[in-house]
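Asker: I'd like to ask some things about the structure below.
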Amino acid sequence: MKLAGLETLVAGGDGPHRTAVILLHGYAMSAAALAPFGGSLGLAAQFLFPEGPVANLPRGRAWWTVDEGRRKAALHDGPRDLQDERPPGLPAARELLNRYVTACREQLRPQRLVLGGFSQGAMLALDWQLHCPQGADALLLFSASRLNFEAWQTHRAALRQLPVLMTHGRQDTDLALAAGQRLRDFATAAGAAVTWVEFDAGHEIPLQAWRAARKFLRELV
């Protein structure tokens with residue numbers, strides 16, 4: 001389907017207490033990379049996988065443009081923590097996601113909405129939650145980092161009592177494990193009900209993270 005102008009893959013179905021789960025792909029990825037994840041969970045929920053708006057990449061799509069030269073130079077020094085990054089395209093991506101969530105609520109009318117994503121998609125999901133008054137009922141954050149952290153600090157009250165699942169690989173060579181741990185500590189200090197899962201792998205969503213997501217969502221659904 002298409003929502004708010006974004007092509008969207010849909011998986012799963014409707015349960016008696018209908019839940020919509022929106023999952024945002026990472027940088028240089030596609031919705032198709034995440035879609036099997038949603039369908040395989042076997043939950044009474046409808047999973048939506050929108051395609052990011054940025055297409056001028058060597059492969060995949062993105063939610064905002066990234067300076068590839070700068071990114072590669074930073075990775076040369078090891079896995080990153082993006083707390084001081086202020087992507088110029090972030091406000092536009094946040095507004096696009098806001099339109100998307102609004103369209104989802106108006107057209108699908110779910111009783112609860114869960115928002116999440118992987119890497120860049122996870123950071124956008126959290127940024128949206130911090131800035132938008134009618135936030136999601138829970139967050140799924142796979143392999144993320146703090147971003148534009150000075151601004152995030154001023155909106156931290158939006159996380160109070162919010163169920164949040166965070167997963168991160170100990171061998172992540174893109175976003176450092178320490179970056180994920182600091183994100184966890186930020187959300188916990190803000191009052192979120194954080195479920196934290198570390199796993200022995202890299203920048204990915206392995207079976208351990210899949211199982212944690214299924215347990216987390218099953219309790220909500």
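The values are calculated or read from the model by the stated rules, or taken from the named source; none is laboratory data. Computed from a prediction, not measured in an experiment: that's the story for all the values here. Heads up, the Cβs are rebuilt from the backbone with ideal geometry, glycines too, and the neighbour counts pull from every protein chain shown.
Asker: If you go through the stretch 30-52 one residue at a time, how many are crowded, with 23+ Cβ neighbours inside 10 Å, part of a loop (DSSP other than H, G, I, E, B) and under 14 Å from the mean Cα position of the chain (by Cα)?
Answerer: Residues flagged as crowded, with 23+ Cβ neighbours inside 10 Å, part of a loop (DSSP other than H, G, I, E, B) and under 14 Å from the mean Cα position of the chain (by Cα) within the stretch 30-52 amount to 1.
Asker: Consider the stretch 120-146. How many of its residues are at pLDDT 95 or above, crowded, with 17+ Cβ neighbours inside 10 Å and assigned to a loop (DSSP other than H, G, I, E, B)?
Answerer: Count: 5.
Asker: Return the only residue of PHE142, PHE199 being more than 22 Å from TRP64 (Cβ to Cβ), touching a helix residue (DSSP H, G or I) at 6+ places or on another chain (Cβ under 6 Å), of a type in the set (A, V, I, L, M, F, W, C) and touching a residue at least 24 places away in the same chain (Cβ under 8 Å).
Answerer: PHE199
Asker: Which of the residues belonging to the stretch 94-114 are in contact with a Phe, Trp or Tyr (Cβ under 7 Å, 6 or more places away or on another chain) and crowded, with 23+ Cβ neighbours inside 10 Å?
Answerer: Applying the first criterion (in contact with a Phe, Trp or Tyr (Cβ under 7 Å, 6 or more places away or on another chain)) to the stretch 94-114 yields 94, 97-98.
Answer for the stretch 94-114, where residues must be in contact with a Phe, Trp or Tyr (Cβ under 7 Å, 6 or more places away or on another chain) and crowded, with 23+ Cβ neighbours inside 10 Å: just LEU97.
Asker: Within the stretch 60-100, take every residue that is of a type in the set (Gly, Ala, Ser), in a helix (DSSP H, G or I) and modelled with pLDDT of 95 or more and give me the one that is nearest to SER119 (Cα to Cα). Write out each step before concluding.
Answerer: Taking the stretch 60-100 and keeping what is of a type in the set (Gly, Ala, Ser), we get 60, 62, 69, 73-74, 78, 89, 92-93.
Still in the list and also in a helix (DSSP H, G or I): 69, 73-74, 92-93.
Filter once more, so that each one left must be modelled with pLDDT of 95 or more: 92-93.
Working: ALA92: 18, ALA93: 14 Å.
If we take residues in the stretch 60-100 being of a type in the set (Gly, Ala, Ser), in a helix (DSSP H, G or I) and modelled with pLDDT of 95 or more, then ALA93 is nearest to SER119 (Cα to Cα).
Here's the yes/no breakdown for (1) in contact with a Leu (Cβ under 6 Å, 6 or more places away or on another chain); (2) at pLDDT below 95; (3) farther than 22 Å from VAL21 by Cα; (4) among the hydroxyl-bearing types (Ser, Thr, Tyr):
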residue: MET166; (1), (2), (3), (4): yes, no, no, no
residue: THR188; (1), (2), (3), (4): no, no, yes, yes
residue: ALA193; (1), (2), (3), (4): no, no, no, no
residue: TRP196; (1), (2), (3), (4): no, no, no, no
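Asker: Since ALA74 meets every condition but one in (1) in contact (Cβ under 8 Å) with a residue 12 or more places away in the chain; (2) in contact with a strand residue (DSSP E or B) (Cβ under 8 Å, 6 or more places away or on another chain); (3) more than 18 Å from LEU9 (Cα to Cα); (4) not acidic (Asp, Glu), which condition does it not meet?
Answerer: With respect to (1) in contact (Cβ under 8 Å) with a residue 12 or more places away in the chain; (2) in contact with a strand residue (DSSP E or B) (Cβ under 8 Å, 6 or more places away or on another chain); (3) more than 18 Å from LEU9 (Cα to Cα); (4) not acidic (Asp, Glu), ALA74 is out only on (1).
Asker: Return yes when LEU23 is crowded, with 22+ Cβ neighbours inside 10 Å, assigned to a strand (DSSP E or B) and within 17 Å of the chain's Cα centre (by Cα) and no when it is not. Walk me through how you get there before you give the answer.
Answerer: On the way: crowded, with 22+ Cβ neighbours inside 10 Å: yes; assigned to a strand (DSSP E or B): yes; within 17 Å of the chain's Cα centre (by Cα): yes.
Judged against the criteria, LEU23 is a match.
Asker: Is at least one residue of the stretch 173-184 of a type in the set (Val, Ile, Thr), outside any helix (DSSP H, G or I) and free of Cβ contacts under 8 Å to residues at least 40 places away in the same chain?
Answerer: Of the residues in the stretch 173-184, the ones of a type in the set (Val, Ile, Thr) are 173.
Now drop any that are not outside any helix (DSSP H, G or I), which leaves 173.
Still in the running and free of Cβ contacts under 8 Å to residues at least 40 places away in the same chain: none.
No, every residue in the stretch 173-184 fails to be of a type in the set (Val, Ile, Thr), outside any helix (DSSP H, G or I) and free of Cβ contacts under 8 Å to residues at least 40 places away in the same chain.
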